[in-house]
1. Restricting attention to region B:216-240, which residues are within 19 Å of the chain's Cα centre (by Cα), more than 23 Å from B:Ala296 (Cβ to Cβ) and either within 12 Å of ligand 1 (Cβ to nearest atom) or more than 10 Å from every other protein chain (Cβ to nearest Cβ) (or both)?
2. Please go through (1) surrounded by fewer than 21 Cβ atoms within 10 Å (Cβ to Cβ); (2) in contact with a strand residue (DSSP E or B) (Cβ under 7 Å, 6 or more places away or on another chain); (3) among the polar types (S, T, N, Q) for B:Ser196 and return the number of the only condition it doesn't satisfy.
3. For residues that are in contact with a Lys or Arg (Cβ under 8 Å, 6 or more places away or on another chain), in a strand (DSSP E or B) and more than 14 Å from ligand 2 (Cβ to nearest atom), tally how many sit in region A:1-35.
4. Hey, can you tell me all the residues within region B:277-316 that are more than 7 Å from chain A (Cβ to nearest Cβ), in a loop (DSSP other than H, G, I, E, B) and at pLDDT 95 or above?
5. Could you figure out which of (1) closer than 23 Å to A:Asn184 by Cα; (2) out of contact with any Cys (no Cβ under 6 Å at 6 or more places or on another chain); (3) near ligand 2 (Cβ under 10 Å from one of its atoms) isn't true of A:Thr86?
6. How do the pairs read when you match residues in region A:1-22 that are free of Cβ contacts under 8 Å to residues at least 60 places away in the same chain with residues anywhere that are part of a strand (DSSP E or B), using Cβ under 7 Å and keeping only pairs 6 or more apart or on different chains?
7. So, B:Lys275, is that one over 16 Å from A:Pro230 (Cα atoms), out of contact with any Cys (no Cβ under 6 Å at 6 or more places or on another chain) and of a type in the set (Lys, Arg) or not?
8. What's the total number of residues in region B:253-271 that are touching a residue at least 60 places away in the same chain (Cβ under 8 Å), surrounded by 24 or more Cβ atoms within 10 Å (Cβ to Cβ) and part of a loop (DSSP other than H, G, I, E, B)?
Amino acid sequence: MNIYVCVKHVPDSAATITVEGKTGINEKITFLLNPYDEHAVTEAARIKASSADTEVIAVCLGKAAAENTLRAAMAMGADRSILIETDTSRDSIFTARALAAAIRSDGRPWMVFTGKESIDSEGMQTQFRLAQYLSLPVATNAIKVDADSDGVTVECEREAGTIDVYRMAAPCVIGAGKGLNNPNYPTFPDIVKSRKKPIKKIGTAELTIDTPVAGMQIQELVPAVEQHSPKALTGSPADIAAQIVDILKNEAKVI
Amino acid sequence: MQPIGLLIEFKSGHIKPANFGMATAARAENRQLVALMVDAPADDDKAALEAYGVTRIVNIHTDSNQWNPAMHAAAVVAAMQENGITTLIGLTSPAGRELLPRVAAQLDAPLVMDCIEIDLDDHRVKTSQFSGKTIATIAMTGTHFIYGMRANVIAPLEAPAAAEVIDFSYTANHPSGFEVIETRTDGSGSQYLAESDIIISGGRGLKNAENFKLIFDCARHLNAAVGASRVAVDNGWVPYAMQVGQTGVKVNPKVYMAVGISGSVQHFAGMKTAKTIIAINTDANAPIMAHCDYYAVGDLFDILPALEKALASMTR
Ligand SMILES: Cc1cc2nc3c(=O)[nH]c(=O)nc-3n(C[C@H](O)[C@H](O)[C@H](O)COP(=O)(O)OP(=O)(O)OC[C@H]3O[C@@H](n4cnc5c(N)ncnc54)[C@H](O)[C@@H]3O)c2cc1C
Ligand SMILES: Nc1ncnc2c1ncn2[C@@H]1O[C@H](COP(=O)(O)O)[C@@H](O)[C@H]1O
């Protein structure tokens with residue numbers, strides 16, 4: 001049985017982002033596996049460990065450098081991977097079509113994992129589109145997954161203190177949330193082993209992807225400007241408290 | 001008149017105030033605002049919707065008596081089709097994160113979540129990307145357009161109108177392979193962080209779970225929500241749902257107080273758009289102190305009790 005895990009190659013959240021051209025960024029910074037996708041890979045590996053004949057396949061649409069992210073996914077437990085190569089950044093409508101086509105041409109999924117959101121484009125939607133194109137049920141922000149041969153029971157955190165429990169037939173798509181597990185950070189031997197695992201590289205032209213009518217195109221990217229100029233609150237704790245109350249009342253007008 | 005669908009949300013039986021900002025952002029001469037209410041008939045709230053310019057209210061009835069995102073999204077799509085709606089606006093709230101992408105996927109329509117600006121005529125929006133480090137202008141193309149707005153980016157402005165109320169029953173095929181077993185609520189999520197005007201967050205400086213009481217005590221007087229840094233969450237002092245930041249909730253309050261929080265890039269990714277940021281920290285060189293509006297160099301264990309006292313005497 002195949003568990004597919006969609007992983008995105010994203011800039012490290014601590015990296016400095018500089019805009020290049022009108023819509024791009026300087027890519028000479030550290031990129032890594034999208035943090036939510038780490039939970040997705042970890043969960044797939046956990047399920048594999050307790051199921052017979054299961055293969056975990058990491059799938060990524062990205063530039064050539066995204067190979068590093070697939071290596072990271074394999075060091076964390078994926079058995080092999082598929083890199084759908086593209087030279088440009090793609091919106092989630094195209095991305096989901098490409099991921100669906102790559103999965104379909106590779107094999108029949110038992111489960112498809114994604115993260116709940118990518119930290120670069122923050123789209124919050126690829127998993128739903130992927131499920132639509134594959135005609136599968138989907139749940140997101142999963143914090144607990146119990147899989148059996150005909151389906152999964154999944155707990156999803158909707159908001160603080162609200163958890164929805166869903167039953168989905170297999171195959172299905174699951175968006176991993178942060179509460180799902182602690183990522184399997186790889187050991188050195190894991191990393192060495194991952195170097196021998198295979199990566200299948202395919203171009204978007206080799207996949208059957210119908211051209212979408214809809215799209216989301218970035219027209220301009222600008223650095224977010226900082227609008228704060230810090231002022232000190234001084235004096236005794238009571239003085240500071242009084243100044244805070246004054247700010248809340250007279251400046252922010254929230255009380 | 002172009003009909004614009006507004007996906008209305010409720011909290012404790014009332015329309016969330018952020019919906020009125022959404023209505024304000026959508027309003028224009030050549031548009032008709034249509035409120036879509038899923039399994040929450042507008043009886044009591046009709047007047048409130050009218051005050052913000054809604055002229056049609058569609059009460060969508062599904063045959064599920066509980067939250068079911070797959071079913072609710074399918075019902076919204078059916079109601080949009082019935083009412084000739086090709087533009088839908090909702091909030092980037094917990095329910096919006098479930099429903100809007102499902103609607104967009106079904107319609108194969110473009111969707112941008114967490115919009116801070118929308119232009120419904122040109123189908124152009126602004127949203128933050130790369131953990132809040134950049135602002136992207138995105139052009140959407142397609143036949144339908146779905147917008148997820150960030151709560152509180154537009155202040156609600158009244159524009160009274162009269163609304164007709166229409167009932168719409170959705171009984172079509174139940175989405176297959178997806179079933180809701182139960183929804184558990186532990187009552188802790190009293191106020192959703194992203195929609196709060198005031199947030200007080202605690203970090204490693206709080207030292208343990210018990211000390212968070214100091215923050216909750218101040219928050220109660222202000223009807224504020226309580227947030228936390230990842231360190232406070234990872235240490236198990238507060239639940240993950242309270243985490244503010246890149247891998248937590250992104251918030252946009254009028255006032256954000258960071259108490260015992262250093263101000264890492266990842267924390268900033270979740271709160272940098274707050275209008276007023278107040279930091280309390282013993283370390284004058286903590287990054288937060290250079291990226292806020294007001295900072296107090298001092299011990300939170302002295303300042304929070306003093307603040308609680310000041311707030312208590314004021315609200316009494
Ligand atoms: C991929 C990734 C994602 C992440 N996502 C998030 C996220 O979503 N949200 C998030 O918050 N972090 C996130 N982090 C973690 C982040 O990098 C920081 O580690 C974290 O934000 C630090 O939390 P803190 O400010 O509470 O702790 P610290 O950085 O340790 O700061 C504690 C502060 O408290 C002050 N202090 C101590 N005692 C007192 C006192 N008595 N009175 C007043 N001040 C006091 C100290 O001076 C210090 O400045 C992420 C990290 C990674 C790698
Ligand atoms: N280019 C991509 N390649 C592989 N997976 C992706 C890609 N983009 C998005 N995803 C998956 O979809 C999830 C949600 O992404 P997004 O809709 O961008 O927030 C991510 O956590 C990934 O699991």
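The values are calculated or read from the model by the stated rules, or taken from the named source; none is laboratory data. Small disclaimer: the values here were computed from a predicted structure and weren't measured. As a convention, Cβ positions derive from the backbone with ideal geometry for all residues, glycine included, and neighbour counts pool all protein chains shown.
1. Result: B:Tyr240, single match.
2. Going through (1) surrounded by fewer than 21 Cβ atoms within 10 Å (Cβ to Cβ); (2) in contact with a strand residue (DSSP E or B) (Cβ under 7 Å, 6 or more places away or on another chain); (3) among the polar types (S, T, N, Q) one by one, B:Ser196 breaks only (1).
3. Summing the residues that are in contact with a Lys or Arg (Cβ under 8 Å, 6 or more places away or on another chain), in a strand (DSSP E or B) and more than 14 Å from ligand 2 (Cβ to nearest atom) in region A:1-35 gives 1.
4. Residues satisfying the conditions are B:Thr282, B:Asp283, B:Ala284, B:Asn285, B:Ala286, B:Asp299.
5. Failing condition for A:Thr86: (1).
6. Hits for this filter: A:Asp12/A:Phe31; A:Asp12/A:Leu32.
7. no
8. Final tally of qualifying residues: 2.
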